[in-house]
Amino acid sequence: MNTAVIRRLLALGQGDGLRAQLVRGAMGVGGLKLLSLPLTLAASILLARALGPEGYGQYVFVMAVIALLALPIGPGLGQLVTREVARYHHGEDWSLFRGLLRRAHQWVLLGSVVIISAVLIVAGHNAAWAVDDRWTLLFIASLMLPLLGLNALRSHTLRGLRHVFQAQLPELLARPAFHLLFAGVLLVGGALTPATALGSQIAATALAFLLGAWLLSRCRPAQVEQADPDYRHGEWGRALLPFTLLAAVSTLNAQIGILALGWLGTDEDVAALRVAQQGAMLVVLSLTIVNLVIGPHITGAHRDGNHRRLQTLSRASARVALIFSSVLALPMLVMPSVVLDWVFGAEYAAIASMPLVILVAAQLINVGFGAVGMLLMMTGNEKMIVSPHLFALVANGCLCVALIPKLGASGAAVAAAVSIVSLNILLAGYVSRVLNLRPGPL
């Protein structure tokens, strides 16, 4: 990126207008994602090397289950809070603002108690209460649920107030940084096990919660505290279900391979797939950043009816993302075992090379299609995204069940790859038919 482009972006970010706010938000969150990635990757490498494939697989599986259990009190509720907070803030309806936050907090805390109690009851019948027992680890990790729910609530409240950078700071930067720090201290002290790794996650999540609470206290309008709470239980309840279902589709699509391997495969298979996913995540990073940058421009071009501008944005963004992704993908495609041996260790080179190649190739194809999902969302066609994601989820799940018993982690990687490619084909079809655009770099 040359200096003229940088100056242009900085100029666009000046002022209080909508465009300036969008540019600042995209640049800020993009910067946080760039900082978050090495922290998350470093923590994964540390845990994978220190715990070994079996211990790391146990840790990864339990964290995937926790992400699933957190759905009713986390992402779904958060999306509802973002929408309603933005509406009440714009309309200065402080009574409903306060009532929403009060009920949301109560929902998170009550839901957490119910879920933790259910986990404790089931674990009480099955757990060996040892540091390497899956049910024991699940109970330990379940103590994280109220923190996850409250963190999501604070993050989405800040988003609704249009403080996008502050909303992402605790989760994208503080939590992985503290987790890496605590895990490193445990490793040096010779106390790093799957159980203590989960304890590190809980402590990091708690500190992220404190940071989020402080940021929200600074950004929350003073009028909220002075208002008497008002409630719309029926309206909020009806809206919560679809938001939760959409969040469930997204979470399941990301975690279904890990969950299926934990059920049908081995802990080593789980570790192999997670390591491969970490490598593939690097490949798709450029598209993630491109999406953040071009989103407002897509909306502007669509409102102006500038079809040529939309096509240029689609083609140019796909080209830029694909160039950077190809540079990162090439070593992992050509010499996966060498890369894995160097980064994660020889144990993972033996079990994760094929899953890595499969997932990196799939994500490279994903990047090659360009910002198809963003094009639909930013032009008011977001409803068209739901059915392709559902199809991809079902395909992923069915293929996992069919392939994992024979192929292990490679089978889960194939299932994920088919899901990724089919999703992009379906989205590209909508982009071509509805927007009359040709997706991809050509």
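Taking the criterion of being at pLDDT 85 or above and within 30 Å of residue 194 (Cβ to Cβ), would at least one residue in segment 229-236 satisfy it? No, segment 229-236 has no match at all.
Residue 380 meets the conditions (1) assigned to a helix (DSSP H, G or I); (2) over 21 Å from residue 321 (Cα atoms); (3) touching a residue at least 24 places away in the same chain (Cβ under 8 Å) in every case but one. The failed one is (1). Could you tell me whether segment 243-250 includes any residue that is out of contact with any Pro (no Cβ under 9 Å at 6 or more places or on another chain) and crowded, with 20+ Cβ neighbours inside 10 Å? No, segment 243-250 contains no residue that is out of contact with any Pro (no Cβ under 9 Å at 6 or more places or on another chain) and crowded, with 20+ Cβ neighbours inside 10 Å.
Selection of first residues in segment 249-269 that are in the same structural domain as residue 407 (by TED's automatic domain parsing) and of second residues that are outside any helix (DSSP H, G or I), restricted to Cβ pairs under 7 Å at least 6 apart or on distinct chains, gives the following pairs, ordered by first then second residue: 265/408; 269/408.
Going by the conditions given, is residue 406 in the same structural domain as residue 299 (by TED's automatic domain parsing), of a type in the set (Lys, Arg) and at pLDDT below 90? No.
The values are calculated or read from the model by the stated rules, or taken from the named source; none is laboratory data. Treat the numbers as computed from the prediction; the structure is a model and nothing was measured. Methodologically, a virtual Cβ is constructed for each residue, glycine included, from the backbone with ideal geometry; neighbour enumeration extends over all protein chains shown.
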